[in-house]
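The values are calculated or read from the model by the stated rules, or taken from the named source; none is laboratory data. Only a predicted model underlies this, so the values are computations on that prediction, with no experimental measurement involved. Note: ideal-geometry Cβ built from the backbone for every residue, glycine included; neighbour counts use all protein chains shown. Ligands, DNA and RNA are excluded from the accessible area calculation, which covers all protein heavy atoms including side chains. Shrake-Rupley method; radii C 1.70, N 1.55, O 1.52, S 1.80 Å.
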Amino acid sequence: MVLNLPFSSVAQMRLRWWLLFLLPLWPLANLLLLGFGNDLGTDPAKFIVDEMGTWSINFLWITLAITPVRHFFGWGWALKFRRMMGLYALFYAVLHLLAFATFLIGWRSDLFFRELTERPYIVVGALALIILIPMGITSTKSMMRRLGKRWKTLHRWIYPASLLVMLHFIWQIRASFYEQLIYGLILAVLLGYRLYLKYQK
Amino acid sequence: MLIKKPDSIKSSQITPESIYRNRRQFMKAGLGLAAVSSLGLPSLARALEYDIPADLPQYPGPEWMRAQLAAAVRNDAFSTTEEPAPYYNAITHNNFYEFGTDKRDPVRKAQDFQTDPWTVEIAGEVAKPGKYNLEDILKPHALEDRIYRLRCVEAWSMVIPWLGFPLADLIKRFEPTSKAKFVRFETLVDKEQMPEQDSIFSTIDWPYVEGLRLDEAMNPLTLMAVGVYGNALPPQNGAPLRLVVPWKYGFKSIKSIVKIEFVEEMPASSWNIIAPGEYGFFANVNPEVDHPRWSQATERRLPSSLLSPNIVDTKPYNGYGEEVAQMYKGMDLKKWY
């Protein structure tokens with residue numbers, strides 16, 4: 001495949017690995033730069049929490065996009081990076097939670113409990129994260145071997161998790177549903193492709 | 001915090017209206033005198049100095065408004081002693097969805113917003129309806145500086161010094177009829193200038209509308225603002241004329257008003273139309289009644305430090321209960337949220 005050519009040699013494959021490993025760290029680096037430049041706006045706490053959440057969604061969608069991208073463009077190599085992208089989704093989701101707990105509620109357990117009981121969108125967000133955690137833990141090669149067939153079953157939980165994440169996002173619509181519509185359409189295509197594959201069989 | 005500051009107005013601090021009016025007359029006379037006797041000296045009228053960093057934009061307002069702004073006097077009886085937010089925060093953190101839904105959209109997109117000349121239509125059950133130039137609407141009113149707490153339904157809050165005059169004074173001038181039970185306000189519709197009004201993704205059906213019951217509108221706390229921090233209102237803060245109702249969630253304080261209508265029935269209000277189960281007509285700040293999506297028991301007072309967030313308990317009526325609670329006597333606040 002033509003698209004594979006630029007990365008055909010071993011050195012180039014290594015370069016690609018490093019690029020795909022380092023690039024996803026950019027949103028975090030960017031936040032740190034903005035923070036040190038005192039450029040996070042009037043409500044840095046909310047800004048950071050939102051930013052981490054958005055990037056978690058981005059990487060979750062990228063993870064889901066790997067299969068269709070591989071099929072349509074013949075990028076076989078992309079599969080090697082699926083676990084990495086999934087781990088970045090989890091990484092940003094954990095940062096999202098940590099930023100929420102630290103910057104927004106100051107680790108006050110009473111507030112944390114209230115948020116979890118009174119804000120339904122936080123409950124679905126938390127559920128999605130709870131689903132992602134075992135997937136992250138079992139993402140190593142040895143775990144793949146140990147779990148065998150069950151590994152795939154476990155990691156199919158990304159589908160319900162992505163739907164919960166979407167609900168978490170939709171529930172925050174106020175004056176505009178632009179972003180939610182875009183993310184929703186992309187997710188519909190990504191999950192729809194799975195359904196299509198299933199019924200093709 | 002070690003130093004506890006009083007943060008609500010005690011009833012003993014509220015000046016009876018007659019005295020306060022007399023004082024204003026007295027002050028006006030005094031200012032006139034000062035102007036005569038201090039030619040060449042800095043004006044005594046400019047008692048309100050806020051620290052505005054040189055690198056931030058200032059909004060002097062139209063020529064005709066400047067003398068009035070400069071003559072504004074702090075009304076301590078209606079001001080909290082809490083520290084106002086730095087100017088930067090108040091002019092860069094705005095919900096003004098006509099200019100975009102991000103807090104930073106208004107400051108980015110509203111800077112060329114034309115707010116002079118400006119007309120306001122007075123309509124409905126009123127003796128003197130008509131379209132008035134803002135200048136004519138403002139002319140008879142002396143401006144006051146009042147430091148109010150502002151509480152957003154998204155559970156953040158800020159302390160802001162407004163310049164304005166009581167809405168009650170304006171209402172009296174236009175003489176509502178006995179049929180007038182509510183006041184309805186409208187924001188400008190101008191798709192050229194306000195990009196989000198052109199968005200097909202918007203949940204708001206423009207224009208943005210809000211309303212108050214007549215007694216709420218006549219409450220001495222209800223302010224028609226034309227300025228903040230000793231200057232005119234920046235466009236992102238609702239220039240040239242906005243409402244400030246400090247005991248209600250911020251969305252009641254409608255911005256860039258072009259129409260004030262006196263009506264018999266409770267008017268529809270924008271957020272109530274979008275999600276009636278979440279946003280009521282009254283929208284009084286109430287820690288007991290949660291918004292279905294945001295708990296209202298606490299708020300983050302901005303600016304807030306990252307590592308020790310400035311979380312404060314929300315007070316009923318945003319701490320203005322003594323002044324306003326009697327208006328809601330006998331009402332079930334869970335029903336009339």
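Computed from Cα atoms, the angle from the helix A:178-200 axis to the main principal axis of chain A rounds to 40 degrees. Can you tell me which lysines have their Cα less than 22 Å from the Cα of B:Lys131? Leave out same-chain residues fewer than eight positions away. Straight-line reach from B:Lys131, under 22 Å: B:Lys139, B:Lys172, B:Lys179, B:Lys181, B:Lys191, B:Lys255, B:Lys259. Solvent-accessible area of B:Lys109, all protein chains in place: 100 Å² (probe radius 1.4 Å, heavy atoms, ligands and nucleic acids excluded). With the biggest extent put first, the Cα atoms of region B:133-178 measure 37, 26, 17 Å across the principal axes. Per-residue 3J(HN,Hα) values for region B:267-276, derived from phi via the Karplus relation 6.51 cos²θ - 1.76 cosθ + 1.60 with θ = phi - 60°, read x, 5, 10, 3, 5, 5, 5, 5, 9, x Hz in sequence order (x marks Gly and Pro).
Highest mean packing first, where packing is the average number of other Cβ atoms within 10 Å per residue, the peptides B:232-244, B:187-199 line up as B:232-244, B:187-199.
Would region B:77-140 count as rounded, prolate or oblate if I go by the C-alpha gyration tensor, calling it rounded below 1.5 in a/c and otherwise prolate when a/b exceeds b/c, oblate otherwise?
Working: a/c = 2.45, a/b = 1.46, b/c = 1.69.
It is oblate, given that a/c is not under 1.5 and a/b is not larger than b/c.
Return the calculated 222 nm mean residue ellipticity for the protein assembly as shown, to the nearest 500 deg cm²/dmol, obtained by summing -39500 (n - 2.57) across DSSP H runs with n ≥ 4 and dividing by the residue count. Please report the intermediate quantities before stating the final value.
Details: 19 runs with 217 residues, N = 538.
That comes out to -12500 deg cm²/dmol.
Relative contact order of region B:107-219, taken over Cα pairs closer than 8 Å and 6 or more residues apart, is 23 percent.
Converting phi to 3J(HN,Hα) with the Karplus coefficients 6.51, -1.76 and 1.60 and the offset θ = phi - 60°, region B:246-255 yields x, 8, 10, 4, x, 5, 6, 7, 5, 9 Hz in sequence order, with x at every glycine or proline. Across chain B, the relative contact order, built from alpha-carbon pairs under 8 Å that are at least six residues apart, equals 19 percent. Kirkwood radius and radius of gyration were both taken over the C-alpha atoms of region B:276-324, and their ratio Rg/Rh is 1.03. Stokes-Einstein diffusion of chain B at 20 °C, 1.002 mPa s viscosity, Kirkwood radius from Cα pairs, rounded to a whole number: 104 µm²/s.
The mean count of C-beta atoms from other chains within 10 Å of the C-beta of residues in A:174-184, rounded to a whole number, is 5.
Computed in the context of the full set of protein chains, the accessible area of the protein assembly as shown at 1.4 Å probe radius has 63% of its extent on carbon or sulfur. Computed over region B:53-205, the percent of Cα pairs more than 22 Å apart is 56.
Rolling a 1.4 angstrom probe over the protein heavy atoms with all chains in place gives region B:266-337 an accessible area of 44 Å² per residue. Solvent-accessible surface (1.4 Å probe) assigned to B:Met218 amounts to roughly 60 Å².
Summed over all non-identical Cα pairs, the Kirkwood treatment of region B:168-284 gives a radius of 14.9 Å.
Accessible area ranking (1.4 Å probe, heavy atoms, ligands and nucleic acids excluded), largest first, for B:Arg104, B:Arg66: B:Arg66, B:Arg104. Couplings 3J(HN,Hα) of region B:240-245, computed from phi: x, 9, 9, 8, 10, 10 Hz, in residue order, whole Hz [Karplus 6.51 cos²θ - 1.76 cosθ + 1.60, θ = phi - 60°; x for Gly and Pro]. Taking the longest Cα principal axis of chain A as reference, the axis of helix A:109-118 is set at about 70 degrees.
In the elastic network of chain B, a GNM with C-alpha springs shorter than 10 Å, the most mobile of B:Trp156, B:Trp271, B:Trp294 is B:Trp294.
Residues of region B:283-308 buried by at least 50 Å² of accessible area upon assembly of all protein chains, compared with the chain on its own (1.4 Å probe): B:Arg293, B:Trp294, B:Ser295, B:Arg300, B:Leu306. Give the separation of the Cα centroids, region B:108-129 to region A:157-201, in Å. If you average the Cα positions of each part, the centres end up 43 Å apart.
State the Cα centre-to-centre distance between region B:197-250 and region B:76-106 in whole Å. Region B:197-250 and region B:76-106 have Cα centres spaced 12 Å from each other. Taking B:Ala142, B:Ala127, B:Ala168 in turn, the Gaussian network model of chain B (Cα-Cα springs below 10 Å) assigns the largest fluctuation to B:Ala127. Simple spin-label estimate for A:Arg146 and B:Arg66 gives 7.6 nm between the two label positions (7 Å along the Cα-to-Cβ direction from each Cα). Scanning residues 5 or more positions from B:Arg74 or on other chains, those with amide H under 5 Å from its amide H are B:Asp145, with H placed 1.01 Å from N in the peptide plane. Kirkwood radius, the protein assembly as shown, all distinct C-alpha pairs, inverse of mean reciprocal distance: 26.2 Å.
Averaged over its residues, region A:55-191 has an accessible area of 52 Å² per residue, based on protein heavy atoms and a 1.4 Å probe. Taking 0.36 nm per residue of separation and subtracting the Cα-Cα distance, full extension of the segment from A:Tyr196 to A:Ile137 would add 18.3 nm. Once both labels are positioned 7 Å from their Cα atoms along Cα-to-Cβ, the gap between A:Phe21 and B:Thr119 label points is 6.8 nm. Axis of helix A:120-137 versus longest Cα principal axis of chain A: the two differ by about 40°, to the nearest ten degrees. Normalised by residue number, the volume inside the convex hull of the Cα atoms of region A:1-121 is 133 Å³ per residue. Short-range pairs are left out: with C-alpha atoms under 8 Å and at least six residues apart, the relative contact order of chain A is 19 percent.
Under a model in which nothing but the beta-carbon of Lys, Arg (+1) and Asp, Glu (-1) is charged, the protein assembly as shown shows a dipole of about 2820 debye around its Cα centre. When chains A and B come together, the accessible area they lose, probed at 1.4 Å and totalled over both chains, is close to 2600 Å².
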